[in-house]
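Contents: one structure, followed by commentary.
The values are calculated or read from the model by the stated rules, or taken from the named source; none is laboratory data. Since this is a predicted model, take the numbers as computed values, not measurements. Every residue, glycine as well, gets a Cβ built from its backbone with ideal geometry; the counts of neighbours run over all protein chains shown.
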Amino acid sequence: MKIYKLIGTTMSVLLLTGIGANIALADMDEIKAEENSKTDINIIAGYRGVSEDNNPSRALEYDSLKSSPLFNVDLATDQGSYFLNFNFDYLNENDYSGELNLNSKGLAQVNLRSERFFHNLDHIPYNNGYTGGEPTAAVPDPPLVRVPSGTPAEGSRPDGEFTNSLGNDVMRTFYTDQNPKDDYGLKLDTNEFKVRVKHPTYPAHLNLAYWRYEKKGDKQLRFVGENCATACHMQSKTRKVDRVTEEFKAEVDAHVGIVDLGLETLFRTFHDRESIPRDNFGSHDRGRDFSGNPLQHSEDPDSQITELTLKANTAPSGGLVGSASFTIGKRENESDLTSISPVKAETDYYKTAADATYTPSENWTFNLRYRLLDLDSDNTDQFSAGSYGNTNNNPLEVRDPVDITRSWYEAIVNYRPSRHLTLKGELRREDIDRSNTGHGGEHESIDQNNPNDPIQINPRWELPDEETITLAKLGFSARLLEKSALKFSGWVSIQHSDDPAYGSSFEDSQQLFLSGSYNPSPFWGFLANARFLKQENDSQELYDYEFKRDKDQQNINLGTYVTPGEGLSFDLNYGYFHTEIDQGILVGTGEYFVPRFPFFRPVNYAIADDSGDYEQTINTLTLGMTWQILEALSCRLEGHYSESEASFSPDFNVEGPYPYNIYDFSSDIYYGTQTSSDLKEISELDIQQIGLRGRVNWKIDEEWSCSMEATYDDYDDKNSNYYDGSVQTAMVSFSRSW
């Protein structure tokens, strides 16, 4: 929504509610209605200044980072025949929100909402001394030329080079950035319109809703050139983003006897309005030249969803309450690829839900819940890559998707032996049935002895046909002392899967949650909660290798407030989050023929770690003070600090694919020892963030007030200076109320 449209809407609302000049004559009834009406208005105007140091995108990730005037209007009016609320908050053209609610005494309700904010994105430096100029319309993908004296950009990862037995440097990995100076960010727009109309004499409603989500801007597209057998070429270029998701929903509901019935239809579309990226992939595509017709890649296909839902429920009061719904729908993906034949996919699905609640007495409540989801998917059977693919012009088969049926059952019992104690038990079971799964054969690429034969794929997914997940959970809630000054709650759950489908899923999981608060008086209080999670999977097998996966997670939060005197209060909050994952890792496995003495035979190798460790720790601390200095003067000071550390520490040291370091003269390839020594360093994180806030509010009189605010945010990456930066803001505003 453009800013002039929002301003026009604001003026229309002001005129509609009679805030503008009214020179028309009114009779006595109109004067009486005006006396019974009530309108409250508050308008804020001011200015916010922004100052940046170094790279500000991570210091304030969701901020437009622009100095600008600011404006806010709040309007609430009761005109007897209708209520109206309007709010519009404007910071700049990339950061605003507005909402309007109109209620005609329950017969008609209208809601309008519009919001925009800005998301700053990273530009990971890939500029390592290669150049070729900026892309143009005539040369969209200019050739890359190595500049021997080229200086890598700050923060760039070094090119990977090895020294062969002849003393020559052999390139293994190198990076290039076609747009090294571009900044990246997205404007995110959300617009929503809702209407609810009630029949004046019958309990029936019509609900209409329209929702639109739009992304615009630039982001970094990072991709690798084909064929990493000899050297991997990591590329970066700017990708224009212009994507729209729209949803329309219509519903009719009516009260029929003891049952409420509803019929709802939904239509949602996703459309990428930018062209599909293209690249000629340089000389790293087995000698093929795409310079005349670059190859499309990284497509985000358009899609649409249609749904129809029938709902029914009884009145929410009474000892027995029930509800049920049934939905049928279809999702379609539409690929627009032209370099190769597009792959089109669609999914027909239906889902149902049923809930029943029975309350025989004030001490007992029983709940039964059922959910069912059935997905029937289909896609293009094969596609042709033509001259783009190394397939000898044979069509490529496309594996059929997995059809899934998920059934979900849950029973919940609540027991209240007293009004101060509630006990809760849950039992849940989920059954998953999959089709087109199991072991269906190995993938076979081009046969050098029969190069005209088509590529053979494994037609099945390596997933279990059936999986059952069971969850048991016990919890409690207690309110002790007078006025519930002391509260405790908690629960423990145990979950088991008889056949986990993926290596990142778990066979067994246990969780414990505890929470407590103590508020003996209005002058001080304390609260704490903790969650502990442990997950295990010992049954995952991949390529004849069994890998164990353990995950331990702890999350603790503490908070307190103190009011030592009238008008003065302090609050303190601390958060701790820790995750540790211990998982077996298979980096690569295969068979190579060693044409050197003493082998002259195939040699099997595997690059694996039985216990690769990932660990993350986050600490956050927030301290605030609120001080009512005078009746008309108050201030708020707040500071926050957070530190985040993470590391991935695999440990393998395998000599391969040859059993010793060797230089192959025939292919000019140097095979060295495979080691994990650099993986921890390039994945390690050590980040500190600091934020300070200060605000003063001065109420000048019954109508006027003034506010001043200053903020400081700093981002510090201990392992690299590239993303370090800070942002300072200062704001002053005046407010007028009627």
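Numbers at a glance
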quantity	calculated
Residue match in region 94-107 (condition: among the acidic types (D, E) and under 28 Å from the mean Cα position of the chain (by Cα))	yes
Residue check, F193 touching a Leu at 6+ places or on another chain (Cβ under 6 Å), within 30 Å of G49 (Cα to Cα), in a strand (DSSP E or B) and at pLDDT 65 or above	no
Residue ID - modelled with the highest pLDDT, chosen from residues in region 594-619 that are of a type outside the set (F, W, Y) and farther than 30 Å from F648 by Cβ	P602
Scope region 446-467; condition surrounded by 15 or more Cβ atoms within 10 Å (Cβ to Cβ) and either of a type in the set (G, A, S) or modelled with pLDDT of 90 or more (or both); matching residues	E467
Region 713-735 - residue that is modelled with pLDDT of 95 or more and surrounded by fewer than 17 Cβ atoms within 10 Å (Cβ to Cβ) and, of those, farthest from H123 (Cα to Cα)	F734
Identity of the residue in region 240-257, of a type in the set (V, I, T) and over 18 Å from the mean Cα position of the chain (by Cα), that ends up surrounded by the most Cβ atoms within 10 Å (Cβ to Cβ)	V252
Qualifying residue in region 280-291 (condition: at pLDDT 75 or above and touching a strand residue (DSSP E or B) at 6+ places or on another chain (Cβ under 6 Å))	no
Residue among L60, L65, L84, L100 that alone is at pLDDT 95 or above and either crowded, with 16+ Cβ neighbours inside 10 Å or within 30 Å of R48 (Cβ to Cβ) (or both)	L100
Subset tally (residues that are without any contact (Cβ under 8 Å) to a residue 40 or more places away in the chain, farther than 23 Å from T560 by Cα and surrounded by 16 or more Cβ atoms within 10 Å (Cβ to Cβ)) for region 474-492	0
